[in-house]
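Okay, so here's the structure we're looking at.
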Amino acid sequence: MGSDFKDLYGDWEPKEDRPRPDDDPLAGEPENRTPRTLQEKEVKVLGVFEHADTSVTGAPQTFILFQDNRGRKVPIFIGRFEALAISMALEGEEIDRPMTYDLIRILIERLGATVDRVIVDDLWSDVFYAKLCLTRDGEPIDIDCRPSDAVNIALRFHAPIYMAESVIESIEQKF
């Protein structure tokens, strides 16, 4: 590939090494969002389950089932590999070599950060959104992620999992 690239572009070098301006939308996480009052409710993972209906994808679908302290249940459909990783974390299974989420745990720890909590904070067009809330050197760091990734990491850190009341209510209306 190296010679192909060179054949196409020659000895290309960036003109200069310049940092992105502060107002560059690609410079990082959006900082200009105003925080919302989410009325967060702590939820517990009841388990990972398989939905037998194969009409949508041709195969059974897996989901995480959450429950809040009022007994309300919220299913979030996830991929099979993420479901396997969650099941392993719930059952305390360990394997010889680190899997992806174990590697993420090791990276977070070695970089000196802690996982404070995760929150499933939005549901838009049938897609759930979550945030991984870290602290490093006393500074909070919120990272947008998929709920399945957030839950996998939270379980490995024994961190609490929260869900916005609006998300719970909107799912409650659907089921």
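The values are calculated or read from the model by the stated rules, or taken from the named source; none is laboratory data. Treat the numbers as computed from the prediction; the structure is a model and nothing was measured. Here Cβ is always computed from backbone atoms with ideal geometry, including for glycine, and neighbour counts include all displayed protein chains.
Inside the stretch 94-113, residues that are farther than 15 Å from residue 135 by Cβ and either touching a Gly at 6+ places or on another chain (Cβ under 9 Å) or among the acidic types (Asp, Glu) (or both) make up a count of 3.
Restricting attention to the stretch 142-158 and to residues that are aliphatic (A, V, I, L, M) and surrounded by 18 or more Cβ atoms within 10 Å (Cβ to Cβ), the residue that is farthest from the chain's Cα centre (by Cα) turns out to be 155.
Of the conditions (1) part of a strand (DSSP E or B); (2) within 17 Å of the chain's Cα centre (by Cα); (3) among the aromatic types (Phe, Trp, Tyr), residue 49 satisfies every one except a single condition; which number is it? In the conditions (1) part of a strand (DSSP E or B); (2) within 17 Å of the chain's Cα centre (by Cα); (3) among the aromatic types (Phe, Trp, Tyr), residue 49 misses (2) alone. Residues that are farther than 16 Å from residue 130 by Cβ and in contact (Cβ under 8 Å) with a residue 40 or more places away in the chain within the stretch 49-72 comprise just one, 72.
Look at (1) surrounded by 15 or more Cβ atoms within 10 Å (Cβ to Cβ); (2) more than 11 Å from the chain's Cα centre (by Cα); (3) without any contact (Cβ under 8 Å) to a residue 24 or more places away in the chain and you find that residue 127 fails only one, number (1).
Of all residues being surrounded by fewer than 17 Cβ atoms within 10 Å (Cβ to Cβ) and touching a helix residue (DSSP H, G or I) at 6+ places or on another chain (Cβ under 9 Å) in the stretch 78-98, which is nearest to residue 161 (Cα to Cα)? Just the residue, please. The qualifying residue nearest to residue 161 (Cα to Cα) is 90.
When the test is whether a residue is at pLDDT below 95 and surrounded by 13 or more Cβ atoms within 10 Å (Cβ to Cβ), residue 171 passes it. Has the stretch 102-115 got any residue that is outside any loop (DSSP other than H, G, I, E, B), closer than 27 Å to residue 39 by Cα and not aliphatic (A, V, I, L, M)? The answer is yes, given that some residue of the stretch 102-115 is outside any loop (DSSP other than H, G, I, E, B), closer than 27 Å to residue 39 by Cα and not aliphatic (A, V, I, L, M).
Of the residues making up the stretch 99-120, those that are surrounded by fewer than 21 Cβ atoms within 10 Å (Cβ to Cβ), touching a strand residue (DSSP E or B) at 6+ places or on another chain (Cβ under 7 Å) and in contact (Cβ under 8 Å) with a residue 40 or more places away in the chain number 4.
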